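Worksheet: the structure to be examined is printed underneath.
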Amino acid sequence: MKAPINTLLFSFLLIVFLSSSCRTYLSPALPGNNMGYLPRQMEADSIKSLTHASASYAGASSPGNGSVSFEMGMLNINRAHTFKGFNVAYGVMGYLGNAEHLYSNNRNDANGDYPPAFNKKMYGFGLRTSVGFHSTSINGNTDFRFINWENALSTENGAYADFRDEIYNGKVYNYAGVSNRKRFWTTGLSTEVIFRARRNHDIKHAFRLFIGGTPGLANSFKYGQLADLDKVINSSSAWNFNYFLSVKRFTLSLEIAKNINLASKISLGYKFQ
């Protein structure tokens with residue numbers, strides 16, 4: 001009796017997995033990569049205000065089985081000021097990229113169950129801010145930025161955004177979900193530690209964790225008849241983990257994030273007064 005029960009249980013789980021994996025979610029491309037690290041000087045640095053310019057390569061995948069992939073190049077510029085126990089940064093960014101759906105689960109899709117394969121462009125811009133408090137170690141080699149309030153306002157335009165809007169306002173594919181959002185506000189709190197080498201103050205490392213959300217993003221999805229059975233998209237929460245390296249005036253930033261999409265980003269930059 002046990003063997004038939006195990007067989008039935010395995011079959012049921014397999015059906016659930018397959019039915020979940022064949023769904024496609026046409027999410028906005030930018031969430032997950034709209035937040036970004038805003039470099040700031042340490043309190044012990046002789047120069048307290050700097051401008052930072054960087055270029056980023058970012059990638060992301062849609063929820064569920066990640067059948068829609070996103071790639072984009074980004075340009076970022078921000079200004080930052082560090083005071084005693086307090087820091088502030090603000091900047092702008094622009095991006096250009098593409099959204100790609102490589103396959104349709106059923107190429108002879110007479111019932112309109114799945115979105116077709118596509119490769120569509122998108123572009124946009126955004127504003128970022130960070131305001132926070134920090135404490136400094138006795139020797140000045142470590143700043144604990146224990147709380148920062150971060151915000152990003154951003155837009156998404158182009159053929160992919162228009163494609164999402166067209167499907168949202170028409171008939172949604174049975175095994176698909178689609179959001180028509182083109183404007184995003186992501187907000188939340190972060191904590192960070194940044195430290196410099198004991199003998200070479202020009203080398204700095206930082207680790208940052210951001211937790212927040214994009215209000216209303218999850219509720220912006222409209223679903224086909226069979227797309228929302230497993231509630232893959234049930235929250236507008238977001239997180240972002242970042243490693244930052246500064247060597248003299250050159251910088252490297254690595255990020256992984258989740259905000260509906262699962263995202264990653266690498267940035268190279270330069271600091272100047």
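The values are calculated or read from the model by the stated rules, or taken from the named source; none is laboratory data. The structure displayed is predicted, hence computed values, not measured ones. Note that we place each Cβ from the backbone using ideal geometry, even for glycine, and neighbour counts take in every protein chain shown.
Tabulated values for the structure
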item	result
Residues being over 14 Å from the mean Cα position of the chain (by Cα), among the polar types (S, T, N, Q) and part of a strand (DSSP E or B) - total across segment 45-80	5
Qualifying residue in segment 227-237 (condition: closer than 25 Å to Val88 by Cα and either of a type in the set (A, V, I, L, M) or buried (at least 22 other Cβ atoms within 10 Å of the Cβ) (or both))	no
Condition check for Phe163: aromatic (Phe, Trp, Tyr), closer than 20 Å to Phe70 by Cβ and not in a strand (DSSP E or B)	yes
Spans of strands (runs of 3 or more DSSP E) in segment 210-273 with at least 3 residues out of contact with any helix residue (DSSP H, G or I) (no Cβ under 8 Å at 6 or more places or on another chain) and of a type in the set (S, T, N, Q)	237-247, 250-259, 261-272
Complete set of residues in segment 162-187 that are buried (at least 20 other Cβ atoms within 10 Å of the Cβ) and either among the polar types (S, T, N, Q) or closer than 19 Å to Gly36 by Cα (or both)	Ser179, Phe184, Thr186
Pick from segment 81-104, criterion under 18 Å from the mean Cα position of the chain (by Cα) and surrounded by 18 or more Cβ atoms within 10 Å (Cβ to Cβ), ranking: farthest from Phe118 (Cα to Cα)	Gly91
Only listed residue being farther than 23 Å from Ser237 by Cα and assigned to a strand (DSSP E or B), chosen from Asn148, Asn119, Asn139	Asn119
Residue satisfying all of: in segment 26-44; crowded, with 16+ Cβ neighbours inside 10 Å and more than 16 Å from the chain's Cα centre (by Cα); farthest from Asn78 (Cα to Cα) among these	Glu43
Residue list for segment 100-116, filter: over 26 Å from Thr155 (Cβ atoms) and at pLDDT 90 or above	none
Only one of Gly73, Gly66 that is modelled with pLDDT of 95 or more, within 27 Å of Asn259 (Cα to Cα) and surrounded by fewer than 21 Cβ atoms within 10 Å (Cβ to Cβ)	Gly73
Options Lys265, Lys248, Lys271; residue that is surrounded by fewer than 18 Cβ atoms within 10 Å (Cβ to Cβ) and either over 23 Å from Gly126 (Cβ atoms) or not small (Gly, Ala, Ser) (or both)	Lys248
Inter-residue pairs, beta-carbon under 6 Å, first more than 17 Å from Lys265 (Cα to Cα) and in segment 21-42, second acidic (Asp, Glu) and at pLDDT 95 or above, 6+ apart	Met42/Asp143
